[in-house]
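Novice: Have a look at this one.
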Amino acid sequence: MRGLFVTATDTGVGKTVLSAALLAGMSAAGERVRAHKPVVTGLDDPDEIAARGEWPADHELLATAAGMDPGDVAPYRYGPAVSPHLAAQLAGERIEPAVLQAHARGKLGPTNEAVIVEGVGGLLTPLADEYSVCDHALALGLPVLIAARPGLGTINHTLLTLRVARSSGLEVRAVVLTPWPEQPTTMQLSNRETIARLGEVDVQRLHTVESPSLPDLAKGGAPLARLLLDDAVS
């Protein structure tokens, strides 16, 4: 069983687009794919809805790319644009780690499907009391892909995320800078080289995905999909 856990240096970095692009790229190449995201928030927030524009909510985009029902992608879904544990509290609920793990492992069975698990925010984002995104990644035992911005500030954010991941015992497969411009600046090129050198990590790029259509997602994700999923065995 092959799979990847996609996390990020922060929220809004582009990990959902990266995850969907990987799924679409693999599917276009004839792979059977599945997607899991533990929690989605901001579904009813006007600012979040306006910011998305033509792009659907995270679980809907992942579902489209994986050929799944959106409700089967994310077991917990909330309206407010707040952290997962607070969104659950506001709804009078509690996010149960056992439910998250069972939902994810239902897609990590002994099949020939490739699974992309997308986290929420960064690795230290709390999903429940004493259960973070990092804990969820560890519980699933998947190698990690880190989505990061290419611009100013990304070196510190990315190296901190690498340190947390490795000190926690996670295997980092690569960092992906996104969206990577067609004509990167001197700073962006330097950021990529510096992260690779100081972080001792493979640094890949995801170019701008023009729309949430499957062809555009697959075009962006295809070059990364085979490279990043080869030998990613859970």
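None of the figures in this text is laboratory data; all of them are computed from the coordinates on show. Owing to the predicted nature of the structure, the values given are computational and were not obtained by experimental measurement. Cβ: placed from backbone, ideal geometry, glycine included. Neighbour counts: every protein chain shown.
Novice: Straight-line reach only, C-alpha to C-alpha below 19 angstrom: list the lysines that Lys219 could link to, leaving out same-chain residues fewer than 8 apart.
Specialist: Answer for Lys219, where 19 Å is the Cα cut-off: Lys15, listed by chain and number.
Novice: Between Asp44 and Leu189, what FRET efficiency follows from the Cβ-Cβ distance if R0 is 41 Å, with the result rounded to 0.05? Working shown, then result.
Specialist: On the way: r = 40 Å, r/R0 = 0.98.
After rounding to 0.05, the efficiency reads 0.50.
Novice: Same structure again: Please report the net charge: other residues with Cβ closer than 14 Å to the Cβ of Arg34, K and R +1, D and E -1. Intermediate values should be presented prior to the final figure.
Specialist: Details: positive: Arg2, Arg32, Lys37, Arg105, Lys107; negative: Glu31, Asp69, Asp72, Glu113, Glu118.
Here the charged neighbours net out to 0.
Novice: Return the aspartates and glutamates within reach of Lys37: Cα separation strictly under 17 angstrom, same-chain partners fewer than 8 residues apart disregarded; answer none if there are no such residues.
Specialist: Asp10, Asp58, Glu60, Asp69, Asp72, Glu96, Glu113, Glu118, Asp135
Novice: Normalising by the residue count of the range 83-227, find the relative contact order in percent from Cα pairs under 8 Å and 6+ residues apart. Kindly include the intermediate steps, with their values, before the conclusion.
Specialist: Details: 168 pairs, mean separation 25.6, N = 145.
This gives 18 percent for the range 83-227.
Novice: Could I ask something else about it? How would you classify the range 110-160 from its alpha-carbon gyration tensor, with a ≥ b ≥ c the square roots of the eigenvalues: rounded for a/c under 1.5, else prolate if a/b is greater than b/c, otherwise oblate? All intermediate terms of the calculation are to be shown ahead of the outcome.
Specialist: Numbers: a/c = 2.85, a/b = 1.39, b/c = 2.06.
Since a/c reaches 1.5 but b/c is at least a/b, the shape of the range 110-160 is classed as oblate.
Novice: Calculated from DSSP H runs of 4 or more alone, at -39500 (n - 2.57) each and per residue, what is the 222 nm mean residue ellipticity of the chain, nearest 500? Spell out each step's value before the answer.
Specialist: Working: 9 runs with 98 residues, N = 234.
Taking each H run of at least 4 residues, the total per residue is -12500 deg cm²/dmol.
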